[in-house]
Amino acid sequence: MEPKKKVTMKDIAKYLNVDRTTVSKALASIPGVSEQMKERVNKAAEELGYRKDNFASGLTTGKNSLLGIVLADIVRGVFAPLITNFQQTAKSYNYGVILQYVNPHSDDLVQAIDLLKQQRVAGVTFVGGATEKKHDGLLIDLAESGVAVNTTRRDFIHNRIDSIRFDNKGAGRAATQYLLGLGHRNIAYLSKKAESGTEYERREGYLQAMYEAELQPTLVEIKDHPVITPGEEVTVSYRRMKEAWLEGLRPSAVIGANDNYALGAMHALKEEDVPIPDEVSVVGFDDLHAVLAVPQMTSLRMPTGPSGAVAVRLLMERLKQPERLHSREVLEYDLIERESTGKARSAD
């Protein structure tokens, strides 16, 4: 049995009785071809069993059908859904994905970008703490070289760099308002001391909701501790919550800056024979380890999953329209209610 012949653009052009250049532009979504023709070409490609030759395409355009994703946080796993959806969505566009990890404690972003350039990627998404303001020049140079670029957790950098933001402040406000709706008035917020970033924004949302309700906020801060691993987050929050309880803190609800902080608080409360949620309700963020808690924890699910698809869509749009103005997408958290929260005793 003879091997099946590989279908080429020339075959599609002959099938439709059009020139090969038109087929090439239609498959690459290059301006100058009508939407009707694009539909005809893509339909014919599917019918004939055409598969894009990424290497040949890269020789023609100077870019391979590859997208890069650069991130600094692989320990906690919070961005795993983003990577999964990013790869699945890229695959739907016939693009492959290259993952680059940069150590947040050393400045190796330059090397990561150089490696992606060597692979002639068409676009790159920089996730979370992978970049800071000091790296803006590197991102601008990359965008101006013709590579599509977007970021998460960063604000405006350049007109050709799109951004995706998680509504962290809105999530902090939503968690607090949820507990207020259950009748809680003495709500404590447990976190490390932060002046910026995700934990800071969530705390600002908590403070806003408490002030709007004309209630006094209670900040339980973990100071002067370089939290690195999830295990350390649980341990230091356990110690801080236990310390605060022994000092006389008696909230009816505790919000942890993420699931690990909330889990540490739950361990401390259980050790003090405090029933959850009968006496104290507990809420976390990220919905990463919430189902591992006993009782299972109410958590605000970070929209990392949807952000993977959004990131790829923005890269594709940028490749089609390189000169379009900066786009900013804001994604909301979802409240996942479980057994760690209940009505305040005073609300019964």
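Would you please give the FRET efficiency between T235 and R51, computed as 1/(1 + (r/R0)^6) with r the Cβ-Cβ distance and R0 = 56 Å, to the nearest 0.05?
For T235 and R51, the calculated efficiency is 0.65.
Sort 16-26, 291-301 by packing, meaning the average of other beta carbons within 10 Å per residue, with the highest value first.
Values: 16-26: 16.6, 291-301: 19.3.
The densest-packed peptide leads the list: 291-301, 16-26.
When the dipole is taken about the Cα centre of the chain, and only Lys, Arg (+1) and Asp, Glu (-1) are charged at their Cβ, what size is it in debye, to the nearest 20?
Numbers: 45 positive and 47 negative charges, 349 e Å.
Roughly 1680 debye, rounded to the nearest 20.
Could you give the C-alpha radius of gyration of segment 66-178 expressed as a fraction of 2.2 N^0.38 Å, taking N as the number of residues it contains?
1.10
Taking just the alpha carbons, could you work out the radius of gyration and Dmax for segment 289-348, both in angstroms?
18.9, 59
If you average the sequence gap of Cα pairs under 8 Å that are 6 or more apart and divide by the length of the chain, what percent do you get for the contact order?
17 percent
Sort segment 197-263 into rounded, prolate or oblate with this rule: let a ≥ b ≥ c be the square roots of the eigenvalues of the Cα gyration tensor; rounded if a/c is under 1.5, and if a/c is not under 1.5, prolate when a/b is larger than b/c, oblate otherwise. If you can, show how the numbers build up before the last one.
Values: a/c = 2.24, a/b = 1.31, b/c = 1.70.
Oblate, since a/c reaches 1.5 and b/c is not below a/b.
Please list, in chain and number order, the residues 5+ apart from D108 or on another chain whose amide H is under 5 Å from its amide H, with Hs placed from the backbone.
N103
Multiply the residue separation of H326 and D141 by 0.36 nm, subtract the distance between their alpha-carbon atoms, and state the gained length in nm to one decimal.
On the way: separation 185, 0.36 × 185 = 66.60 nm, distance 1.56 nm.
In short, 65.0 nm is gained.
For the chain, with all protein chains present and a 1.4 Å probe, just round the carbon and sulfur fraction of the accessible area to a whole percent. Mind showing how you got there, number by number?
Numbers: 8570 of 17470 Å².
Carbon plus sulfur share of accessible area: 49 percent.
Go through L16, P277, L219 and say which Cα lies farthest out towards the positive end of the charge dipole of the chain; charges sit on Cβ, +1 for Lys and Arg, -1 for Asp and Glu.
So the residue furthest toward the plus end is L16.
May I ask you to give the solvent-accessible area per residue for the chain, in square angstrom, as obtained with a 1.4 angstrom probe?
Details: 17470 Å² over 348 residues.
For the chain, the per-residue accessible area is 50 Å².
If the viscosity is 1.567 mPa s and the temperature 4 °C, what Stokes-Einstein diffusion coefficient in µm²/s follows for segment 193-348 when Rh is the Kirkwood radius over Cα pairs?
Working: Rh = 17.3 Å.
For the chosen part, D equals 75 µm²/s.
If the chain between E212 and K14 were fully stretched, how many nm would it gain, using 0.36 nm times the residue separation less the Cα-Cα distance? Before the final figure, lay out the partial values.
Numbers: separation 198, 0.36 × 198 = 71.28 nm, distance 6.79 nm.
Difference between extended and current length: 64.5 nm.
On average over all directions, what projected area in square nanometres does the chain have, based on the convex hull of its Cα atoms? Show your work: numbers first, answer last.
Numbers: hull surface 89.5 nm².
Result: a mean projected hull area of 22.4 nm².
Could you rank Y261, Y238 by how accessible they are, 1.4 Å probe, largest area first? Walk me through the numbers on the way to the answer.
Numbers: Y261 0, Y238 55 Å².
If we order Y261, Y238 from most to least accessible, we get Y238, Y261.
Excluding residues fewer than 8 places away in the same chain, name every one of the aspartates and glutamates whose C-alpha is closer than 17 Å to that of K43.
Here the aspartates and glutamates satisfying the reach criterion relative to K43 are D11, D19, E35.
The values are calculated or read from the model by the stated rules, or taken from the named source; none is laboratory data. Computed from a prediction, not measured in an experiment: that's the story for all the values here. Every residue, glycine among them, receives a Cβ derived from its backbone with ideal geometry; neighbour counts consider all protein chains shown. Just so you know, the surface numbers come from the protein's heavy atoms only, side chains and all, with ligands and any DNA or RNA stripped out. Shrake-Rupley method; radii C 1.70, N 1.55, O 1.52, S 1.80 Å.
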